[in-house]
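The values are calculated or read from the model by the stated rules, or taken from the named source; none is laboratory data. These numbers come from a predicted model, not from an experiment. Don't worry about glycine lacking a Cβ; one is built from the backbone with ideal geometry, like all the others, and counts go over all protein chains shown. Remember, those area values only see protein heavy atoms, side chains included, never the ligands or the DNA or RNA. Shrake-Rupley method; radii C 1.70, N 1.55, O 1.52, S 1.80 Å.
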Amino acid sequence: MLKGHFESAGASIEFGAADYLFPVDELNVTVHQYRDAQLALDDVDGERVILVAPTNLASSYHLTQHALTAIPIESLPSAIQTRLADTIDAPLETFELIQIGKWNSSSPNHSLSEFTDA
């Protein structure tokens, strides 16, 4: 089951159009990853998130393997903000975070002994 704003995001940009956000480690901005990204995304309504969406199987695989990442839009340089604003239909000021990747809900671990007729 999907968690986060993968289905409730207010806007999305295609993976290929978001090339200026990769590699994330080379951006000179605030970047939240893993658990910090989950906490940041939990604090924001889905309509205030821009999602980087896959466009094909390869980009889907890349995003699935990418660490869940949340980037505050206000921390982006003005050149990247301008490029981002040109990519989406809504005003950029209505968004707080960019979400890259997704995380799945945790499921309980099961032992193989649960599936035997002991």
Please calculate the 1.4 Å probe accessible area of VAL31, with all protein chains present, and give it to the nearest 10 Å². 50
How many nm separate the modelled label positions at TYR20 and ILE88, each set 7 Å beyond the Cα in the direction of the Cβ? 1.4
So what are the ³J(HN,Hα) numbers for the range 56-64, from phi and the Karplus equation (6.51, -1.76, 1.60; θ = phi - 60°), rounded to whole Hz, Gly and Pro as x? 7, 5, 5, 6, 4, 4, 4, 5, 5
5 Å is the cut-off here: which amide hydrogens, built 1.01 Å from N in the peptide plane, fall below it relative to ALA53, excluding neighbours closer than 5 in sequence? ILE13, GLU14, PHE15
Pop out the ³J(HN,Hα) list for the range 31-45 in order, Karplus 6.51 cos²θ - 1.76 cosθ + 1.60 with θ = phi - 60°, rounded to Hz; leave Gly and Pro as x. 10, 9, 10, 6, 5, 4, 5, 4, 5, 4, 6, 5, 7, 10, 5
3J(HN,Hα) from dihedral phi, the range 9-26, Karplus parametrisation 6.51/-1.76/1.60, rounded to Hz, x for glycine, proline: 4, x, 7, 9, 10, 5, 3, x, 7, 9, 4, 6, 8, 10, x, 4, 5, 8
Sequence of THR69, THR87 when ordered by accessible area, the most exposed leading, probe 1.4 angstrom: THR87, THR69
So who's got an amide H within less than 5 Å of the one on LEU68, skipping anything under 5 residues away but keeping other chains? H placed 1.01 Å off N, in plane. TYR34
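Considering only the other residues whose Cβ falls under 14 Å of the Cβ of GLU14, what net charge follows from Lys and Arg at +1 and Asp and Glu at -1?
-2
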